[in-house]
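Note sheet for the following structure.
The values are calculated or read from the model by the stated rules, or taken from the named source; none is laboratory data. All values reported here derive from a predicted model rather than from experimental measurement. We place every Cβ from the backbone using ideal geometry, glycine too, and count neighbours over all the protein chains shown.
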Amino acid sequence: MEDKAVMERKEGFSLKAHKIVVLLVDDQRLIAEAVRRLLAEADDIEFHYCSDPADAIKEVLRIKPTVILQDLVMPEIDGLSLVKYYRAHPEIRNIPVIVLSVKEDPKIKSEAFAIGANDYLVKLPDKIELIARIRYHSKGYIYQLQRDEAFKALQESERRLAEMNQVLMKLSFLDGLTGISNRRRFDEALEAEWKRAIRNGAPISLILMDLDYFKLYNDYYGHQDGDECLKKVAKTLESSIQRSTDLVSRYGGEEFVALLPETNAKGAVMLAERMRRKVLEQRIPHEKSKVNDHVTLSLGVATAIPEIGSSPDTLLKAADDALYKAKQEGRNRVGVAE
């Protein structure tokens, strides 16, 4: 069964204190025992040993050492080849490697450094020197791990903050009762689409809508049922549009508005009629209505081709006038601005 320290390392490093972990890769068990004794009194160093070079990569991945002590002369696989493997492996390439050799050979030392070794010691090294070099290389590696973890934590924090900001931004544009776009979202969208229409010379239409005799509905059925009615109507209106560029918003109270970029008067009137019909088809009872036994909608349609220097307020005023016209002519109908 794996000890706790190995299991914790398999789960990954944390920003808390990292322990110095040494893995010796050497086929001579006498050397391994000697190194173990040299490190025995260093309480901050955890020692591991691998005698089979064929298992070295697997052991490094399992133990996740902060430094590797690598013997150069071994059967089947020589130490320099293993160093090359370490440096080619994405999960191992940054772990410091101290090469252990039986002699001080400038040529071998030069080759070891050339392929990525961090240090070179003649075995068996002095106890104080060995511990000092292990601590030096391990602490540098641990600092790099902590720095990388801090950077990842910062990135994750920034990602979550960006997600939260998007959620908050989305919520700030939604009507709290009906769940569709609110007046703020509509105002911003109208301003943007008006400018775009000026650039493109394209028409833009508005449909301003009002539930007929909604005050009487609230007085008779109560505000809770009134809220449920507004929710149903809002969903019905939003389901009536088919283009992603179109926008249905709650304008205030029992009023709704539809913004239709690049839509001429004919297209806007057709959509308004569909909205009026779909609301009526919901068959929401309204016993106090003076128009119908069910909730109905009056709508005003206005269309314009914006020009430089013009204001979207003129279009809103025209849609409002058309809505007033629909009410004057008996409600539950579509009024069209001249």
Number of positions in region 52-88 that are touching a Cys at 6+ places or on another chain (Cβ under 6 Å) and of a type in the set (D, E): 1
Of the residues in region 173-194, how many are surrounded by fewer than 17 Cβ atoms within 10 Å (Cβ to Cβ) and in contact (Cβ under 8 Å) with a residue 60 or more places away in the chain? 3
Scanning for something of a type in the set (G, A, S), modelled with pLDDT of 90 or more and more than 24 Å from L30 (Cβ to Cβ), does region 129-141 turn up at least one residue? yes
Check region 145-161 and report whether any residue there is of a type in the set (D, E), exposed (fewer than 15 other Cβ atoms within 10 Å of the Cβ), at pLDDT 85 or above and out of contact with any strand residue (DSSP E or B) (no Cβ under 6 Å at 6 or more places or on another chain). no
Regarding region 257-266, can at least one residue be identified that is out of contact with any helix residue (DSSP H, G or I) (no Cβ under 8 Å at 6 or more places or on another chain) and acidic (D, E)? no
Region 222-338: helices (runs of 4 or more DSSP H) wholly inside it with 1 or more residues that are over 25 Å from K195 (Cα atoms), charged (D, E, K, R) and free of Cβ contacts under 8 Å to residues at least 12 places away in the same chain are 223-240, 265-281
Starting from residues that are surrounded by fewer than 15 Cβ atoms within 10 Å (Cβ to Cβ) and in contact (Cβ under 8 Å) with a residue 40 or more places away in the chain, keep the ones in region 201-219 and report whichever is farthest from V295 (Cα to Cα). G201
Number of the condition not met by R274 [criteria: (1) under 35 Å from the mean Cα position of the chain (by Cα); (2) under 23 Å from E329 (Cβ atoms); (3) basic (K, R)]: (1)
Considering (1) more than 22 Å from L271 (Cα to Cα); (2) touching a Lys or Arg at 6+ places or on another chain (Cβ under 6 Å), say which one D212 fails and leave the rest. (1)
Top-ranked residue in region 304-322 [being of a type in the set (D, E) and exposed (fewer than 15 other Cβ atoms within 10 Å of the Cβ); ranked as farthest from T263 (Cα to Cα)]: D313
